[in-house]
Amino acid sequence: MNRKYRKTIIAGNWKMHKTPSEAKVFAEQLKSSLPRAKRCSIVLCVPYVDIPVAVKLLKDSRIAVGAQNLHWEEAGPFTGEISAAMLADLDVKYVIIGHSERRNLFFESDLTVNKKVHAALKAGLHPIICVGEDQDQRELGVTLELIAYQIKTALAGVSPEDMRHIVIAYEPIWAIGTGNTATPEQAGQVCSAIRGVLRKLYGARIARSTTIQYGGSMNEKNAADLLAQEDVDGGLIGSASLNPETFLQIIQAANQD
Ligand code: 13P
């Protein structure tokens, strides 16, 4: 983390977990036990159907609500899809774009990621853009090239002014849901390389002020070590965000120096 230049953001990604009733219980618990320290921003990316209850309960707290996906068109014949304007109208602030589960299970491409980033920005949402390599790509030694490509395509056409709304999440696919966290050094190295790509695209000032999260089996035990890396500005947390106690412990870790 480097709080001097950029926000530290701890975001939960619930994926397809929790009904609206369960979300209500969680939000009440989390809100009532939040630490006083406000050194990190907190986001909860919940399933679409949980958004209204989460927004209502967290309204006067400092926890922002996020979605996990959106469609790039403003409206139209896209059965089952949700637009950026629909999310913004519900007071959603963040949206995860290009999660590896969406890329792999729902065939999202770098091109659609880019379209979604533009749609989110147009509606005033903060995109959390996910990038990351799989095990084979890591072993082949192409991680940094792959990530540079993913970042460049995701951000194609994004103006320097809009970069202050962008969050990048480095999520190595081999670490997601596996319990195999990247070591702090591995996470730090890739997040620093991402900042290098941003520097080339947008210059030093914008690169320095962009939040880059790590995601992939981050939990209450390893969060402090991962966040101690200069270029790791927070976490995108799956399983450990489903329990208010473990999620709070990660928030506590992000509040430390
Ligand atoms: P886990 O923390 O469960 O590995 O999930 C990480 C993730 O995919 C967050 O988006």
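The values are calculated or read from the model by the stated rules, or taken from the named source; none is laboratory data. From a predicted model like this one, the values you see are computed outputs, not experimental measurements. Here the Cβ is made from the backbone with ideal geometry for all residues, glycine too, and neighbour counts use every protein chain on show. Ligands, DNA and RNA are stripped out before the accessible areas are found, and what is left, the full protein with its side chains, is counted by its heavy atoms. Shrake-Rupley method; radii C 1.70, N 1.55, O 1.52, S 1.80 Å.
Which percent of the accessible heavy-atom area of the stretch 139-252 goes to carbon and sulfur, probe 1.4 angstrom?
50
Please check which bits of the stretch 18-60 a label hung off Gln252 would reach, taking the label as a point 7 Å along Cα-to-C-beta and the cut-off as backbone N under 14 Å.
Backbone N within reach: 33-37.
Treat each spin label as a single point 7 Å out from the Cα along the C-beta direction, and report the Tyr149 to Ser109 distance in nm.
1.3
For the stretch 1-148, state the average projected area of the convex hull of the C-alpha atoms over all orientations, rounded to one decimal in nm².
In nm², the orientation-averaged hull projection of the stretch 1-148 is 10.6.
Carbon-plus-sulfur fraction of the accessible area of the stretch 1-90, 1.4 Å probe, in percent?
Within the stretch 1-90, the accessible surface is 57 percent carbon and sulfur.
Scan around Val232 for amide H atoms under 5 Å from its own, H built in the peptide plane at 1.01 Å from N, and keep only partners 5 or more places away or cross-chain.
none
Kirkwood hydrodynamic radius, the stretch 80-145, all distinct C-alpha pairs: what's the number in Å?
13.1
Using only the Cα atoms of the stretch 1-70, build the gyration tensor, take square roots of its eigenvalues as a ≥ b ≥ c, and label the shape rounded, prolate or oblate: rounded if a/c is under 1.5, else prolate if a/b is larger than b/c, else oblate.
Note, shape of the stretch 1-70 comes out oblate.
At 1.4 Å probe size, with every protein chain present, just tell me what the per residue accessible area of the stretch 80-196 comes to in Å².
I get 44 Å² per residue for the stretch 80-196.
Subtracting the Cα-Cα distance from 0.36 nm times the residue separation, let me have the gained length for Lys56 to His17 in nm, one decimal.
12.2 nm
At 0.890 mPa s and 25 °C, plugging the Kirkwood radius over alpha-carbon pairs of the stretch 77-198 into Stokes-Einstein gives what diffusion coefficient in µm²/s?
162
D for the stretch 112-257, whole µm²/s, Stokes-Einstein with Kirkwood Rh over alpha-carbon pairs at 37 °C and 0.692 mPa s: what number?
Roughly 211 µm²/s, to the nearest whole number.
If you line up the Cα atoms of the chain on their principal axes, what length do they span on each, largest first, in Å?
The Cα atoms of the chain stretch 46, 45, 34 Å along their principal axes.
Past 30 Å, Cα to Cα, is the threshold; run Lys4/Lys56; Lys15/Lys152; Lys31/Lys152; Lys59/Lys200 against it and keep the listed order.
Beyond 30 Å between Cα atoms: Lys4/Lys56; Lys31/Lys152; Lys59/Lys200.
When the Cα centres of the stretch 1-29 and the stretch 227-246 are compared, how far apart do they sit, in Å?
One Cα centre to the other: 9 Å.
Using all alpha carbons of the stretch 73-114, what is the percent of pairwise distances in each 10 Å bin, ordered from the shortest bin to the longest?
Calculated P(r), rounded to whole percents: 25, 50, 26.
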